Amino acid sequence: MKQKIVKDLIKILFLFGGIFAFFYVGLQLLSEDKKNSWLYSGDEAKLISYEQEIKLGNLIDEYLIDTDETILLQNELIDSVVWAVRSRLEKQIIMSEYDYKIVVVDDDLVNAFTIPGGRIYIYKGLFEFCESAEQLAAVLAHEIGHVEKRHSVSKLIKEFGLKILFSIVTGGDTILLGELWESTVSSAFDRSNEKEADQYAMELLERAKIVPTAIASFFRKLNREELDYNENMEFLMTHPHNNSRIKASLSYETAGNFEAQDFDIDWKRVKEALK
Amino acid sequence: MSITYIPLPQPEELTSREKEDAMGAYLMMFAAFAVSIPLPIVNLIAAIIYFYINRKKSRYIHFHCLQSLLSQLPTTLINWGMLYWALQIFLFDNVEINDYFYAYLGFMILANLIYFTFSIVAAIRARKGVFMYFIFFGSFAYNRVYSSKNTLFYDNEERHEKTTQQLNKPPFE
């Protein structure tokens with residue numbers, strides 16, 4: 001009798017282990033895209049059209065420039081660097097609904113963020129922080145990832161609800177716009193969103209013939225410098241998981257025929273131009 | 001030393017009350033389950049209370065109460081694990097959602113479904129007076145209740161069968 005009980009116990013343990021393994025292996029067999037859309041991000045963004053999202057982005061941008069008095073940097077060299085990096089990445093974006101607007105904010109913070117509608121803001125401090133154009137491209141590719149996956153608008157829908165966003169789009173309430181802007185810069189994306197944006201960035205960088213490990217080198221520098229997390233970029237807000245993101249970037253496998261093409265940009269000159 | 005087992009009662013030998021109480025051991029869990037979703041200990045407490053209230057009524061009821069109680073231990077533990085993990089993710093923000101979490105979620109849902117299905121079938125069969133043995137738990141409960149080593153007195157069994165020593169004797173033969 002005891003033997004039967006022990007045998008049954010072993011059977012149960014195998015059964016439970018088998019069920020768990022079945023689900024885990026099943027998840028590993030799913031493609032990253034399916035896994036991300038099914039499990040790691042919500043479908044909130046589907047509730048709002050691209051046109052409405054772009055309109056919302058325009059309103060937040062107007063608020064930024066007019067009410068918040070955000071000053072944009074006017075520097076031809078920096079503009080040309082942004083153009084060079086952006087055009088190389090933009091060519092490789094597959095079927096985008098967005099007309100990207102990338103601007104540089106005249107502020108020494110090491111920061112970059114995106115608002116709905118394909119608008120990306122890079123702070124002057126980020127240029128000073130980056131060691132190469134490839135690192136800047138990595139940050140930009142990451143932000144493009146947030147845009148293409150519609151993380152920004154999803155986050156706003158989660159925080160404010162669809163009704164409020166619709167009322168803003170139709171009425172342009174400036175008080176609420178301030179709230180949206182605060183939320184955009186002060187709260188981080190979900191870690192799953194960061195992971196998804198990183199994955200998108202690595203694929204985009206590869207297609208643009210930029211080394212995907214630029215993400216890892218950027219994060220390593222972040223870890224070395226230990227910037228003040230309260231004052232700096234959204235990128236930093238997932239700090240405890242920077243190491244896993246470095247690991248993911250380093251383990252990203254490029255195609256066999258991948259050949260990186262470095263930017264023809266004198267980065268020292270760029271840094272000097274900002275002083 | 002070999003263990004002897006008391007013969008199992010056949011459906012026609014069981015009273016309706018016994019069958020209903022045996023069925024209740026499984027169905028009671030469903031009532032407790034709604035409360036147990038956020039706090040997966042209520043079902044266990046309810047099962048323990050039900051077990052202690054009813055186990056002495058008859059061996060048949062004792063067996064089903066014990067099988068029901070034991071069989072919900074794994075799912076309760078699994079649900080506790082999920083509660084702990086979910087709190088770490090969503091409340092304390094200590095860990096992030098990963099594939100292991102989703103695999104565990106699937107595992108938990110399936111384990112609960114299996115447990116539910118078996119409990120419903122066992123409840124129906126218990127109502128008909130038929131034994132259904134769950135893997136491991138069925139054998140364990142049978143061994144505990146129907147072995148001759150079980151010294152528990154049941155309300156529907158006569159006690160003199162157990163009393164081998166005649167301590168009280170008449171004053172004269």
Expected sort for A:Thr184, B:Thr76 with the fewest Cβ neighbours (10 Å cutoff) up front is B:Thr76, A:Thr184
Ranked output for segments A:263-269, B:122-128 by mean other Cβ atoms within 10 Å, highest leading, reads B:122-128, A:263-269
Helix A:76-90 sits off the longest principal axis of the Cα atoms of chain A, rounded to the nearest 10 on a 0 to 90 degree scale, by 30
For chain B, averaging the sequence separation of alpha carbon pairs under 8 Å that lie six or more residues apart and dividing by its residue count, the contact order in percent is 34
Given a Förster distance of 35 Å, the FRET efficiency implied by the Cβ-Cβ spacing of A:Asp79 and A:Val185, rounded to the nearest 0.05, works out to 0.95
Measuring from the longest principal axis of the C-alpha atoms of chain A, the long axis of helix A:162-171 (C-alpha) lies at a number of degrees, nearest 10, equal to 20
For segment A:9-113, listing GluC sites (Glu not before Pro) in a DSSP loop whose Cβ sees at most 11 other Cβ atoms within 10 Å gives A:Glu69
Placing each pseudo-label 7 Å from Cα in the direction of the beta carbon, B:Val35 and A:Leu72 end up separated by a distance in nanometres of 6.2
Under the 7 Å Cα-to-Cβ spin-label approximation, A:Phe160 and A:Glu272 lie apart by a distance in nanometres of 4.5
Shielding of B:131-144 by other chains, given as the mean Cβ count within 10 Å, works out to 3
Expressed in nanometres to one decimal, the distance between label points 7 Å along Cα→Cβ at A:Ser87 and A:Ser31 is 3.2
To the nearest 20 debye, chain A has a Cα-centred charge dipole, built from +1 on Lys and Arg Cβ and -1 on Asp and Glu Cβ, of 1840
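I need the calculated FRET efficiency for the pair A:Thr170 and A:Tyr50, taking r as the beta carbon distance and R₀ as 22 Å, to the nearest 0.05. Can you show the working numbers first?
Working: r = 16 Å, r/R0 = 0.75.
E between A:Thr170 and A:Tyr50, to the nearest 0.05, is 0.85.
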Residue-normalised 222 nm signal for chain A, counting each DSSP H run of n ≥ 4 as -39,500 (n - 2.57), nearest 500 deg cm²/dmol, is -18500 deg cm²/dmol
Counting every C-alpha pair in segment A:67-148, the percent lying more than 22 Å apart is 18
Measuring from the longest principal axis of the C-alpha atoms of chain A, the long axis of helix A:133-148 (C-alpha) lies at a number of degrees, nearest 10, equal to 70
Expressed as a percent, the portion of alpha-carbon pairs in segment B:14-146 spaced more than 28 Å apart is 23
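Starting with the fewest neighbours, write out A:Leu250, A:Leu29, A:Leu136, A:Leu56 ranked by other beta-carbon atoms found within 10 Å of each beta-carbon.
A:Leu29, A:Leu250, A:Leu56, A:Leu136
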Computed, not fitted: 222 nm per-residue ellipticity of chain B from DSSP H runs ≥ 4 (each -39500 (n - 2.57)), nearest 500, equal to -20000 deg cm²/dmol
Inter-part gap, Cα centre of segment B:1-63 to Cα centre of segment A:100-129, in whole angstrom, is 66
So B:Thr117 and B:Val130, fully extended at 0.36 nm per residue minus their Cα-Cα distance, gain in nm 3.0 nm
Karplus-derived 3J(HN,Hα) from phi for segment A:208-216 (6.51 cos²θ - 1.76 cosθ + 1.60, θ = phi - 60°), whole Hz, x at Gly and Pro, runs 7, 6, 10, 4, x, 5, 4, 4, 4
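Remind me, relative contact order of chain A in percent, using alpha carbon pairs under 8 angstrom and six or more residues apart?
In percent, rounded to a whole number, it is 21.
Every number here is computed from the coordinates shown, using simple stated rules; none is lab data. Please read these numbers as outputs of a predicted model, since none were measured by experiment. Don't worry about glycine lacking a Cβ; one is built from the backbone with ideal geometry, like all the others, and counts go over all protein chains shown.
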